[in-house]
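Asker: This is the structure I want to talk about, given as structure tokens.
The values are calculated or read from the model by the stated rules, or taken from the named source; none is laboratory data. Just so we're clear, the structure is a prediction, and the values are computed from it rather than from any experiment. Cβ sites come from the backbone with ideal geometry, for glycine too, and all protein chains shown count toward neighbours.
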Amino acid sequence: MASHRKSSRRHRRAGLSWSPAGRLSAATATGAVAVLLSATGAASAASAHPDVWAGIAVSHRQADAVAAQARHADARAQKEKAARARAAAETARRKEAMRRAAEEKAAREKAAREKAAEEKAAREKAAREKAAREKAEHERAAQEQAAQQDEDQQSAPSAAVTREAAAAVQFMKDQHDSGSTDWHHLCLGSVSQAWGGLDGHDTAAEAADVTTARHYGTTPPAGAPVWWPGVGDVGHVALSDGNGYVWSNDILNDGQIDRVSIDYLDSQWGDGSGSDWFWSEDLGGVMLPLATGQS
């Protein structure tokens, strides 16, 4: 009994109490074990109080189970926390990817719109330029056609012209249209050739001297030779088109036949009064079949 009281006092000092059935209630099983072992030793504690030792062992196992459950719960909580963190990170990554994809799509669409606008502007500009070129070409063609019609009208012999005179004028026009440069210093040669080679003089001045049917200050008929005998040492002759113009070589282009006005040549080689030139009805001593009724 004395030994039991001593053990009870040790148990109370260790913070233990006994139930009526002799069961140990431990505030801390580990503290009780440590007190018993330090006070009596493990062997004496087990032999002296087997029921106490069994209760302590059960409490120890329960404590281990609780600790294990706590560790398991903590590990599970850590895993859940890590899973939530990974899920949040994945959600953030997906949102960022979606944001970037949306920005890239918007940028592509903007670039496509800008490119389409540039291409449209380029097409419209090309169309305007093409239309402007076509308009300019049309206007130029119309002007050229009008100029050609005017030239043809002005250079055509008048209605009162013989077939031979018309042929002479046409010969000179054909030389002009062909672009021939074979008539350098050959004014008499071109006029004579237009009439089938009627004059064989060396110079226009010599041929002018032998003319007999001369006219001054009047418009020469188509096909009539028009003379400037005082030009240089050899003189000059051209062929009238019947409209105040002549077909002449070496005036506008060297060696070519061109159509120029009599007034222009008179201003270059005379005093403008008309006294420095005349036209004749004959060439090389032959009367030409010129149209009558022209002054």
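Asker: Output the residue which, of all residues in region 212-228 that are surrounded by fewer than 20 Cβ atoms within 10 Å (Cβ to Cβ) and assigned to a loop (DSSP other than H, G, I, E, B), is modelled with the lowest pLDDT.
Answerer: Pass one, region 212-228, residues surrounded by fewer than 20 Cβ atoms within 10 Å (Cβ to Cβ): 212-219.
Imposing the further condition that a residue be assigned to a loop (DSSP other than H, G, I, E, B) reduces the set to 212-213, 216-219.
On the way: THR212: 93, ALA213: 93, TYR216: 93, GLY217: 87, THR218: 91, THR219: 93.
Out of the qualifying residues, it is GLY217.
Asker: Let me ask something else. For region 201-248, how many residues are without any contact (Cβ under 8 Å) to a residue 12 or more places away in the chain and aromatic (Phe, Trp, Tyr)?
Answerer: The qualifying residues number 0.
Asker: Does ALA34 fit the bill of being part of a helix (DSSP H, G or I) and modelled with pLDDT of 90 or more?
Answerer: On the way: part of a helix (DSSP H, G or I): yes; modelled with pLDDT of 90 or more: no.
The answer is no for ALA34.
Asker: Let me ask another. Give all pairs with beta carbons closer than 7 Å in which a residue from region 256-278 that is of a type in the set (Lys, Arg) meets a residue that is not in a loop (DSSP other than H, G, I, E, B); count only pairs at least 6 apart in sequence or on separate chains.
Answerer: Pairs found: ARG259/SER155; ARG259/HIS176; ARG259/TYR245; ARG259/TRP247.
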